[in-house]
Amino acid sequence: MFDPDTFLSTTVTEANSTTLVPVPEGEYVAIIGKPKIRQSSGTKDPGALYTSLDLPCEIDLAGMYPAVAEQLGRDKAIVRYSSMLDLTDSGGLDMGKGKNVGLGRAREAADLNTPGQPFSFAMFEGRAVKVMVKHRVDGDRIYDEVKAMAKLA
């Protein structure tokens with residue numbers, strides 16, 4: 001049985017890893033986790049507020065990609081799909097032409113983009129999709145990110 005107090009007082013002598021080996025670039029089947037809406041200020045315009053959707057996508061490495069699991073030393077990986085959201089002046093989703101295309105693509109991949117059918121962000125959770133993982137380099141760090149999603153064939 002796990003005891004948080006005992007765990008907090010446990011002593012170790014090994015150092016923790018400080019870098020995460022990224023998931024190799026390529027296509028994977030993933031399950032979308034709980035969506036998150038995030039707001040941040042702009043770098044060009046510090047007064048501007050931007051809203052983004054983050055979809056964590058869990059890849060079962062051990063079950064579906066054992067060679068990658070062995071390479072990374074872990075059984076699962078979570079990679080993130082992010083998309084800026086276009087909002088109306090009243091704070092709703094802008095449904096205009098050419099608006100929220102990243103959201104539309106994610107909805108299409110998750111089979112949630114049918115006209116006339118209700119949609120909420122919570123409906124993403126648990127949906128299986130195909131993800132295209134690409135790397136983004138920032139200085140000496142490499143980040144694995146979902147650059148595209150598609151329906152499972």
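Select from segment 71-153 those GluC sites (Glu not before Pro) which occupy a DSSP coil region and have at most 15 other Cβ atoms within 10 Å, ordered by residue number.
Numbers: sites: 108, 125, 145; in loops: 125.
In loop regions of segment 71-153 (DSSP not H, G, I, E or B), the sparsely surrounded GluC sites (Glu not before Pro) are 125.
Which of the GluC sites (Glu not before Pro) found in segment 9-104 are in a DSSP loop and have at most 14 neighbouring Cβ atoms, other than their own, within 10 Å? Please report the intermediate quantities before stating the final value.
Working: sites: 14, 25, 27, 58, 70; in loops: 14, 25.
Within segment 9-104, the qualifying GluC sites (Glu not before Pro) (loop, at most 14 other Cβ atoms within 10 Å) are 14, 25.
Using the crude model of +1 on Lys and Arg Cβ and -1 on Asp and Glu Cβ, and no other charge, please compute the dipole size for the chain relative to its Cα centre, in debye to 20. Intermediate results must be reported in sequence, preceding the final value.
Details: 18 positive and 21 negative charges, 127 e Å.
That gives the chain a dipole magnitude of about 620 debye.
I need 81, 50 ordered by Cβ neighbour count within 10 Å, fewest first. Intermediate results must be reported in sequence, preceding the final value.
Details: 81 26, 50 14.
The fewest-first ordering by Cβ neighbours comes to 50, 81.
Among residues other than residue 138 whose Cβ falls under 13 Å from its Cβ, what is the net charge (Lys/Arg +1, Asp/Glu -1)? If you can, show how the numbers build up before the last one.
Values: positive: 136, 141; negative: 140, 144, 145.
Residues close to residue 138 contribute a combined charge of -1.
Considering only 56, 118, 46, give the residue with the highest GNM mean-square fluctuation for the chain, with springs between Cα atoms whenever their separation is below 10 Å.
46
I'd like the trypsin sites (Lys or Arg not before Pro) in segment 1-74 restricted to DSSP loop residues with at most 10 other Cβ atoms within 10 Å, sorted by number. Don't skip to the end; give the middle numbers.
Values: sites: 36, 38, 44, 74; in loops: 44, 74.
Passing both the DSSP loop test and the Cβ count: 44.
Normalised by the residues of the chain, what does the relative contact order come to in percent, with Cα pairs under 8 Å and at least six apart? All intermediate terms of the calculation are to be shown ahead of the outcome.
Numbers: 254 pairs, mean separation 40.6, N = 153.
Computed over the chain, the figure is 27 percent.
Quote to one decimal, in nm, the extra length available between residue 114 and residue 95 on full extension: 0.36 nm per residue of separation minus the C-alpha distance between them. Present the calculation step by step, with values, prior to reporting the outcome.
On the way: separation 19, 0.36 × 19 = 6.84 nm, distance 1.34 nm.
Gain on stretching residue 114 to residue 95: 5.5 nm.
Distance from a point 7 Å along Cα→Cβ of residue 12 to each backbone N in segment 57-91: keep the residues under 16 Å and list them by number.
Flagged as within label range: 73-75.
Please give the Cα centre distance for segment 117-153 versus segment 33-52, rounded to the nearest Å.
Going from one Cα centre to the other spans 18 Å.
What share of the DSSP beta bridges in the chain is antiparallel, in percent to the nearest 5? Before the final figure, lay out each step's value.
Values: 34 of 35 bridges.
Taking every DSSP beta bridge within the chain, about 95 percent pair in antiparallel fashion.
Taking a quarter of the surface of the convex hull around the Cα atoms of segment 22-64, what do you get in nm²? Display every interim value, and only then the final one.
Working: hull surface 17.9 nm².
That works out to 4.5 nm².
What value, in deg cm²/dmol to 500, does the helix sum -39500 (n - 2.57) over DSSP H runs of n ≥ 4 give at 222 nm once divided by the residues of the chain? Present the calculation step by step, with values, prior to reporting the outcome.
Numbers: 4 runs with 25 residues, N = 153.
Only helices count here, giving -4000 deg cm²/dmol.
Any idea what diffusion coefficient segment 18-150 gets from Stokes-Einstein, in µm²/s, Kirkwood Rh on alpha carbon pairs, 20 °C, 1.002 mPa s?
Working: Rh = 16.1 Å.
My calculation gives 133 µm²/s for D.
Readers should treat all values here as calculations from the given coordinates under stated rules, not as data from a laboratory. Note that the structure is a prediction, hence the values are computed from the model and not measured. Don't worry about glycine lacking a Cβ; one is built from the backbone with ideal geometry, like all the others, and counts go over all protein chains shown.
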